[in-house]
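The values are calculated or read from the model by the stated rules, or taken from the named source; none is laboratory data. All of these numbers come straight from a predicted model, not from anything done at the bench. Don't worry about glycine lacking a Cβ; one is built from the backbone with ideal geometry, like all the others, and counts go over all protein chains shown. All accessible areas refer to the heavy atoms of the entire protein, side chains included, with ligands and DNA or RNA removed. Shrake-Rupley method; radii C 1.70, N 1.55, O 1.52, S 1.80 Å.
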Amino acid sequence: MVGELAENAAYEYLLARGLKPVSRNYRVPIGEIDIIMQDNDDIVFIEVRFRKNDHFGDGADSVTKIKQNKIYKTALYFIQKHSKLSGYNFRFDVVSISLTDNQFVIDWIDDAFQPVEI
């Protein structure tokens, strides 16, 4: 439940910063992408990570190379299925969300990782 609220908060946060919605909770057998948005000439694949606290690192720290690879492969599938996106650049962002005094604290990490197949 809190994870869904955090994802909605991330979505609203990005909308308020001018990104345009493309898709949410895109799922295929290889994986899922939480949010896909357009930022000018970029199609942005966004992983949302929520942590109650940062005792073991923030949400972005939990996006391992294995998770990055799954996101990358899922993004490739999405791009192949949406040929109209061929003129765009692509990037991978992470929105890390924590909870402080019952308020979401949002950290948007633009171009958080470069995909490398493993």
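Residue ranking by accessible heavy-atom surface, 1.4 Å probe, largest first, among ASP101, ASP110, ASP41 comes out as ASP101, ASP41, ASP110. Taking the longest Cα principal axis of the chain as reference, the axis of helix 2-16 is set at about 60 degrees. Note on the chain: antiparallel DSSP beta bridges, both residues inside, total approximately 65 percent of the bridges counted. For the chain, the alpha carbon convex hull comes to 101 Å³ per residue, rounded to a whole number.
Quick one: net charge of PHE90's neighbours, Cβ under 12 Å, K/R +1, D/E -1? For residues surrounding PHE90, the net value is -4.
Given DSSP loops and a limit of at most 15 other Cβ atoms within 10 Å, what is the longest stretch of the chain that contains no such trypsin sites (Lys or Arg not before Pro)? No qualifying site falls inside 53-118, the longest such stretch. Here the gap between GLU12 and ILE106, fully extended at 0.36 nm per residue and compared with their Cα-Cα distance, gives a gain of 32.7 nm.
Helix-only mean residue ellipticity at 222 nm, the chain, DSSP H runs n ≥ 4 weighted -39,500 (n - 2.57), per residue, nearest 500. What is it?
It comes out at -9000 deg cm²/dmol, rounded to the nearest 500.
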